[in-house]
1. Please work out the FRET efficiency for the pair residue B:361 and residue A:29, using the Cβ-Cβ distance as r and a Förster radius of 35 Å; give the result to the nearest 0.05.
2. Specify the residue with the greatest mean-square fluctuation among A:132, A:240, A:26, computed from a Gaussian network of chain A linking alpha-carbon atoms under 10 Å apart.
3. Going by amide H atoms built from the backbone, whose H comes under 5 Å of the H on residue C:130, apart from near neighbours?
4. Once the other residues with Cβ under 13 Å from the Cβ of residue A:61 are scored (Lys, Arg +1; Asp, Glu -1), what is the net sum?
5. Under a no-solvent Debye model with one identical scatterer per Cα of chain B, what's log10 I(q)/I(0) at q = 0.07, 0.13 Å⁻¹?
6. Apply the Karplus curve 6.51 cos²θ - 1.76 cosθ + 1.60, θ = phi - 60°, to the phi angles in segment A:232-239 and return the couplings in whole Hz, x for Gly and Pro.
7. Angle check, please: helix B:423-436 long axis (alpha carbons) against the longest principal axis of chain B (alpha carbons), in degrees 0 to 90, nearest 10.
8. Could you work out [θ]222 nm for chain B from helices alone, using -39500 (n - 2.57) per DSSP H run of at least four and dividing by all its residues? Round to the nearest 500 deg cm²/dmol.
Amino acid sequence: MIRIERRLTEARWLVVAVPAGSLLAAAFLSGIILALTGHDPIGTWARLLDRGFLAEGAMSATFVTATPLLLTGLAAAAAFRMQTWNIGAEGQLYLGAVGASGIGIALHDQSPVLIIPAMVIAGIVTGAAWAAIPGVLRAYTRTNEIITSLMLNYVAGLLMTYLIFDSHSYWRDLSTFTARVFPQGKYLSDSASWPSLGLAGIAIPFGFLLGMVAAAALWLIYSRTRFGFEARVIGDSRAAAHYAGIRTRRKIVAVMALSGALAGIGGASEIGDFRHVLDPRGLQQASFGYAGIVVAALARLNPFAVVIVAILLGGLSNAGFSLQGATFPAGLVGTLQGLILFCALAGELLVHYRIRFVRRAAPLARAPEKFGAA
Amino acid sequence: MKTPPPLGEGGVEADKPPAVTMRGITKRFPGVLANDGIDFEVLRGEIHALLGENGAGKSTLSNILTGLYRPDEGEILLHGKPVSFPAPRDAIEAGVGMVHQHFRLAASFTVAENLVLGHRDAADRGLLLEPRVVEGRIADLSRRYRMPVNPRARIWQLSVGEQQRVEILKVLYRGARILILDEPTSQLTPQEAEQLFQTLRLIAAEQRTIIFISHKLEEVMAVSNRVTVLRRGKVIGTVMTGNTNTRELARMMVGREVVFTKKKEGPAQAERQVALELRRVSANGELGTPALHDINLQVHAGEIVGVAGVAGNGQRELAEVITGLRRRTAGSVIVTGRQIRGGDPLEAIRRGVAYIPDDRLGTGVAPSLSVAENLVLKAFRRPPISTQGLLHPGRIRTNAVDLMQRFSIGASSPQVPARQLSGGNIQKVLLARELSSRPLLLVASSPTSGLDVGATDIVRGLLLETAGRGVGILLISEDLDEILALADRIAVLYDGRIRGVVERQDAHVEELGLMMAGAA
Amino acid sequence: MNNTILVVIAASAISYGTPLLFAALGELLAERSGVLNLGVEGMMLMGAVSGFWAVQTIGGPGWVVLLVAVLVAALVAAATSLIHAVLTISLRASQIVSGLALTIFAGASGLSSYVGHVASLGGQPARHEFAAIDVLGLKDLPIIGPILLHQNALTYLSWALVAVALFYLYRTRPGLHLRAVGESPATADAMGVNVTVYRYVHVMLGGALAGIGGAFFSLAITPGWLDGMTSGAGWIAIALVIFAFWRPELALVGAYLFGAFSSLGFTLQTRQVHLPPEVFSSLPYLMTIVVLVLVSTGWARQRLGAPASLGVPYVREER
């Protein structure tokens, strides 16, 4: 008979062992799935690791994927710490891309010193605004933010599609005959390309650097500021927060906006660092917003861990997509991410609870008092 | 108060095998020996009280009898036959029924649905629910035990007393021959309690057996035939109620002479500033219906005003209106001469109102945050804890160390999450935090409920000391003894209105009880 | 008369609403037991791909193949939901994160996509499909003909399921127990109801029904298989459960309302109404938000609430 008891103190060593262990467990499980469907598990994993981290230029390519994951991962971590479940990073990223590309196009003949910060700010503002909608709804009408932020993802995707495929909008390139028949967005000028930092042969994109700064800032906010303290109290107990005089509603909107801003930077980075054009199909295909949730969960909402996990999962993603083709199964990336998350969730149990095996069935005690008089 | 019939008369069957025999019952939990070789016997048709403080082992023993726990050692016999209960259901089928202190009822379900839930007997095995049959049975039971109840009513619509009737009916519906009631009068007025006792006597007269768990001496004297006293997991003694008195029982319970009333020390009643004034305050409750009507009340600096009343008569709303957690719909709340806008806890905090809520773990602390962080839960906004929006971790820590020492808060370190503390220590955290903010007014709601005698003593002492330093205290409590022990003046809250305010020396328990039931 | 825009919209609303209804009924049962399962989208996609696979691989007369395909879809989705059940019920993991993980794991670019590609299902023409049944030859009756008497078997099944669900919840003992488990698991447990079993069973039932809803896409609407072919229907179903106050009959109404908006875009376009298609496509999502806001107001919360234990793992702890 298995009995599960709450640990009195969090087992420190498990805090690192669990994510590591879940990666291994997920690798093992995915290996089984691969083997069952006629693929070579070891070979597949070797190719993944090679293409993700080891091969020539692999790390640089990994950083390309890791950058948006870092930002959406931080977005999720920022919101989830306060138990506001922002599932809308996907749509907030799209809006960030729309905002940044719009500004980038408008300022096309300005110097990079002006354009790049403008793009970042545009990403922040549009992402924050899109996230503020479910935030306000949650704060002032108590509407569940999971569904509302999620629904807005679809609306944001449709908005992008509309701007490029079904309208003659500012974002759309109408200059040539081909462009009018086969819709595409206006390309940004070279001065709107974000720089990257060369380090030991790896090109680290500006967006990633912004992300690292954001990670440090997020950690500081939560552990050292009044804002962060209040957010943690709210995340722990809304009743206690109300009792302590904390303005819960404003916080909810603020944290959602912060979360959206981070995702928005991710969108701006996609334009400025990598795509240089508003690319609805590509962005929707990539699902960075949802993947960010996986990153945050695996990193246990710790901003610095998010950086590392983003690189890891970025490598896997990158390898998975670049290997895609006749010989490499599509859908493996999502499966892998799901498995990692499942294992991490199961492992999470071990951090907080101890499992003991007892011989006799000892039935339960007082159950949680859900209903008392008055 | 009626005297119960002596054993051998009335319904008690002294010549048949005892209804319940528990021998050598021992039960251990990590770190505590809850029951230590307990021998306990109840005769058929008897009302037998199980008396003891919090933590004496009464709940454990009854949980063993109802199949929730299994004893580590010992045996149980029902009507002379050995039994064992692997699960609660087995105890129910053996005829043991428990009426819990915190009702186990599904709020949105009807009375009938609650009674029928999980029930299995020959007639009730079917897949389909048969509302009419069930209602018929409920009507029968209602009539027999004079407990009128509407089978179609939903639980949330019923008063506390009615809900308790449903709990009792639930147990009788399953044909329980042995009933265990756990602190059944904790939320009843004195008059409702008397009604309950009459019902219990009716039940006992049918040769059903009743075990009555309580820590209230007066009740035990009023209703039981015999009393068994537990202390620290052991049986101290079993006496016939007719042969004992409250003082003796208290001594057995606590192990020392208990002084029943604590005379208040402090400055003489001079002209003092008014710390709190409520003028014609009204407010709504959770469901939007009026909960407070036209409340007028004053608390002077250094005075303890007790608000007595059965839970559910507006106490929580009263506390929340004063402390800003709830908006009022009419009237004004004035703290040290300045009116409070209301609806804003932060405003109340800034005006020097401190609040110890009755829901400690749910409202008073953030359970996952550390003790140190909880100790600055209100002070974190200002220097020295924070400046310009930034926190100073060092000062949070020193503040915690200091307060933990002054208030003897038992935790291994300030970084421990608050939820790991015992009830008494959490209460000390609340007190430490609220009192260290130098409030002008303290609202304390059930400050000693669920605490053992030692902790209760300390908390009461702290309250008296705080009043002695000039803080006005509004003490809201369901425990009339506590109010009588501490308060200078006593207000009775019934149905959202103040029924009367009396000075301590003029207070009589009976008169207060009548006010608490709205009858005076 | 049967060609009027209202009738056409109503008829196709039922079409598009059917998968929503299946998934919503399933999620409703799971949530009634107190377990929130956000993985509905993933389970629908698993149902879609496995149902289609069954239709393409199994031989036999059409109706047998389709029946088996539906069962396969239900079983596969139920098995997938078992992961969520184990994690959240026995291992007490966060229901929100686990549900999301399930969506990522099984959804578009996940396992359903993997299976679809491994079996090369994309682009294959369907060998069998659920066609509309002409009930008693009455499909041309005014108004009720196209709406009520010309739907496919799965739609009729969904109506039957609504009735069954209603009866189950309110007239049977197990239904009462289910409601008790969701409302107050401590009470149910004390009364001898096995909370764990009820939760497992109903989460898996929820999965099975979502799987059937997903199969509707690949076996009736398209028919065929595409990666991510449910386009968020699973999420709308989750919102639908809240909209329906966890009551089956309201889920029926809601599903068709949402279905109407989904099909509105196409219908109006064929009538030469020129609005960008995205406007219509976004209507279901926007409507969900509006409905949710309305449902979350104080009045609604007081009268009809979520099962009180929704989202909270039931913990049996020794003192």
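Coordinate-derived values only; no laboratory data. What you see is a predicted model, and the numbers here were worked out from it, not measured in a lab. Here the Cβ positions follow ideal geometry from the backbone for every residue, glycine too, while neighbour counts run over all protein chains shown.
1. 0.35
2. Among A:132, A:240, A:26, the largest mean-square fluctuation in the Gaussian network model of chain A belongs to A:240.
3. Those lying under 5 Å, H to H, from residue C:130 are C:220.
4. -2
5. -0.44, -1.35
6. So the J values, rounded to whole Hz, are 5, 5, 4, x, 8, 7, 5, 5.
7. With both axes taken from Cα atoms, the answer is about 20 degrees.
8. -9000 deg cm²/dmol
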